[in-house]
């Protein structure tokens, strides 16, 4: 079975500081990797995803995540955060080839990023 | 960007009562999902729905749960007899083609509180 671990439930940072939100996964077969973000009072939105190719993927708002197969990690980073980045961030995996009840997104517990002025 | 709409945003009910959570997926999407998140825990998959039938369901989705697409726009989750442990945020989602690599569009959730 697949699982996702987000070790940090809350990450407080000051504006313009760098941040890293950690995500580790466990799977015996190939998976796709995702980061979703939930801003206050909104639904989860896809931030970025890794399907194949370059292990570094970027979002349009300055976040990036790097797939590390040997460490089974997909950490999310941003070199300089803004107040508007305050949100909850969810790491998720999905089997590349699936069937039955294992075919859907498997989420971590989420990390609440709080950016302070 | 198109949105998935969920109503109500908050629902309070007594244990043993039936509740229906409503969702309007994005109009050209074919795959629909329900997920839930109990406070402090992971977002968990409940069920996926395609072509007017359940395509997958998790162990959580027992006989107390049912889903329906009663018309061309709504997608509902019914809990027949609510239990305290059903208290959670319930998220509806939809996708165009149901591919594993595909983006899911989520609603903002319904917070269900069972008293």
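All of the numbers you see were taken from the coordinates with simple rules; none came from a lab. These figures come from a predicted structure and were not determined experimentally. Glycine gets a Cβ as well: all are built from the backbone with ideal geometry, and neighbour counts include every protein chain shown.
Side notes on the structure shown:
- Per residue of peptide B:55-64, the mean number of Cβ atoms on other chains within 10 Å of the residue Cβ is 2.
- Calculated diffusion of the stretch B:11-115, Stokes-Einstein form, Kirkwood radius summed over Cα pairs, 4 °C and 1.567 mPa s, µm²/s: 93 µm²/s
- Value in Å of the Kirkwood radius, where the stretch A:16-66 supplies the Cα pairs that are averaged: 12.7 Å
- Packing around the peptides B:47-54, A:40-47, taken as the average count of other Cβ atoms within 10 Å per residue, puts them in this order, highest first: A:40-47, B:47-54.
- Where N is the number of residues in the protein assembly as shown, Cα Rg divided by 2.2 N^0.38 Å: 1.01
- Among B:67, B:43, the order by Cβ neighbours within 10 angstrom, fewest to most, reads B:67, B:43.
- Here is the size of the stretch A:11-117 from its Cα atoms: Rg then Dmax, 14.0, 47 Å.
- Fewest-first ordering of B:89, B:15 by other beta carbons within 10 Å of each residue's beta carbon gives B:15, B:89.
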